[in-house]
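Just below is one structure, and these are the notes that go with it.
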Amino acid sequence: MRSSVQSSLVEARPGVPAGPPRVRPSRVPRQLTVGDLDAGNERVPCLRLRGRWLSDLGFAPGARVTVEAFPGCIVLTDQEDGP
């Protein structure tokens, strides 16, 4: 006998096995503003990334990431999935 939770999952998505939800990539490009921080005698650029969309993409609080930088491009990779 199935539990009511399993039954509702199966009924909510007929023909699709019950399981964890699929992760959808962010469909909307995020637009951020590069800020700056005071680093002693100079101002340095900074970016703040926050929001539920990060966890939707697999970046949980406390996760370690690898940062790769190219001219005009910054790539963040979850260390468990990446190098």
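A few points about this structure:
- Flag: L57 does not match the condition of being at pLDDT 90 or above and among the hydrophobic types (A, V, I, L, M, F, W, C).
- Selection from segment 50-74 of residues that are under 17 Å from V28 (Cα atoms), among the aliphatic types (A, V, I, L, M) and not in a helix (DSSP H, G or I): L57
The values are calculated or read from the model by the stated rules, or taken from the named source; none is laboratory data. What you are looking at is a predicted structure, and each value in this text was computed from that prediction instead of being measured.
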